[in-house]
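Notes follow once the structure below has been shown.
The values are calculated or read from the model by the stated rules, or taken from the named source; none is laboratory data. Quick caveat: nothing in here was measured; it's all calculated off a predicted structure. Note: ideal-geometry Cβ built from the backbone for every residue, glycine included; neighbour counts use all protein chains shown. With ligands, DNA and RNA removed, areas are computed over all heavy atoms of the protein, side chains included. Shrake-Rupley method; radii C 1.70, N 1.55, O 1.52, S 1.80 Å.
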Amino acid sequence: MPTITQTGEKTRIAYIDLLKGVCIVLIVAIHCNLFSEERNVAPALTAMRVVPLFFFLSGLFFRPYSGLREFLVRKVNTLLVPYLFFQLAFGTGLLLTAALTHTLGDYSPVALVRFFTVDNGPLWYLRCLLVINLVYYALDRLIPYKLLRLAACFVPAAATWWLCKAGCLLPDHMPAPWNYLILELLRLPQAMMALPLFCIGHLCRDTMMRPRNLRIELPLMAVAAGVLWLTAEPMNMHANAYGTNFVLFYLSVLALTLFLILVGRLIDRLPTVDFLGRNTLIVLGIHFPVILLLEKYVHNDLTVLVLTTLAMFPLIPPLNRWLPRLTGRKPLFRTYARPEKT
């Protein structure tokens with residue numbers, strides 16, 4: 001049986017925290033340029049799929065709560081507030097750096113706006129996840145049948161894939177300010193491509209709690225590894241590059257998802273990695289500025305990854321202790337929730 005703990009109103013599954021910890025370290029490694037395709041194709045093909053995997057894991061925790069009002073307040077508390085906090089802190093740092101180095105005049109008004117909206121690159125995931133939650137909430141209310149809801153999620157995904165393949169979702173092909181709003185701020189193409197993964201994660205929630213069965217799970221692990229090997233091709237969700245085949249994209253992502261879930265269930269717990277998994281939102285918000293700072297003095301990508309990862313351990317506890325309402329640990333706004341319908 002997976003290790004399960006109760007913290008307040010949250011139920012934590014140990015191997016899910018382990019998976020999130022592994023994924024966030026791989027995300028940091030990607031931002032340290034360790035998995036560029038020029039260096040090693042096979043690891044790059046696998047690492048780039050941990051971003052879609054995060055959307056699957058996020059779907060596991062979707063709940064409609066007591067209604068739209070409570071749902072919106074909770075998403076503001078857990079997604080919008082942390083995004084604004086980390087992005088504004090990052091933008092303020094950039095602004096102060098520019099002022100102290102007397103380069104503020106080199107930046108256009110548009111560049112200054114980007115300081116406070118999109119320049120902390122990894123935070124695109126939070127904006128994208130907020131869009132996905134809103135869309136999926138509507139689908140969950142409108143379509144009670146699970147398989148029909150999943151099919152509905154694939155419709156905008158297929159349309160998005162075709163538009164990306166045709167080159168219609170490139171910044172140069174879209175007039176301002178729509179290219180900024182759709183492609184950079186809201187990340188609508190990524191949201192639509194991740195929507196089926198989020199839905200599958202939500203539908204698989206009960207399955208994740210089942211006891212281990214090695215007679216089934218070990219052969220499944222081998223099958224998932226084989227499917228990943230056969231279907232993986234270069235992709236980059238951040239750049240709206242999803243490979244040459246719509247079906248193969250989802251097959252490879254789901255194969256990696258299944259493989260890592262089965263490995264996670266087998267290992268169950270690794271306390272150090274679990275700690276990062278329980279604090280993925282903070283790691284997501286602060287690792288990029290740490291990398292930028294380290295790269296000024298350290299010129300080895302692996303060393304930057306190690307130092308960035310180690311820096312998370314002293315930085316996370318004070319943020320959780322002193323700023324829990326700004327990092328999503330505690331609610332900034334009260335929900336005044338009604339009892340949920342059963």
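So the values come out like this:
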item	result
Every residue from region 155-176 that is assigned to a loop (DSSP other than H, G, I, E, B), over 15 Å from residue 187 (Cβ atoms) and either under 21 Å from the mean Cα position of the chain (by Cα) or not small (Gly, Ala, Ser) (or both)	168, 175
Check on residue 286, at pLDDT 95 or above, open to solvent by 20 Å² or more (accessible area, probe 1.4 Å) and part of a helix (DSSP H, G or I)	yes
Hits in region 165-199 - residues which are open to solvent by less than 40 Å² (accessible area, probe 1.4 Å), of a type outside the set (A, V, I, L, M) and out of contact with any Pro (no Cβ under 6 Å at 6 or more places or on another chain)	167, 187, 189, 190, 196, 198, 199
Region 248-282, residues that are in a helix (DSSP H, G or I), open to solvent by 10 Å² or more (accessible area, probe 1.4 Å) and charged (D, E, K, R)	265, 278
Residues of region 58-75 satisfying the condition of being more than 15 Å from the chain's Cα centre (by Cα) and either in a loop (DSSP other than H, G, I, E, B) or surrounded by fewer than 17 Cβ atoms within 10 Å (Cβ to Cβ) (or both)	63, 64, 65, 66, 67, 68, 69
Hits in region 231-247 (condition: of a type in the set (A, V, I, L, M), modelled with pLDDT of 90 or more and either over 22 Å from the mean Cα position of the chain (by Cα) or under 15 Å from residue 167 (Cα atoms) (or both))	none
Qualifying positions in region 184-211 - of a type in the set (D, E, K, R) and either in contact with an Asp or Glu (Cβ under 7 Å, 6 or more places away or on another chain) or outside any loop (DSSP other than H, G, I, E, B) (or both)	184
Members of region 108-150 found to be among the polar types (S, T, N, Q), more than 17 Å from the chain's Cα centre (by Cα) and either more than 15 Å from residue 85 (Cβ to Cβ) or part of a helix (DSSP H, G or I) (or both), listed by number	108
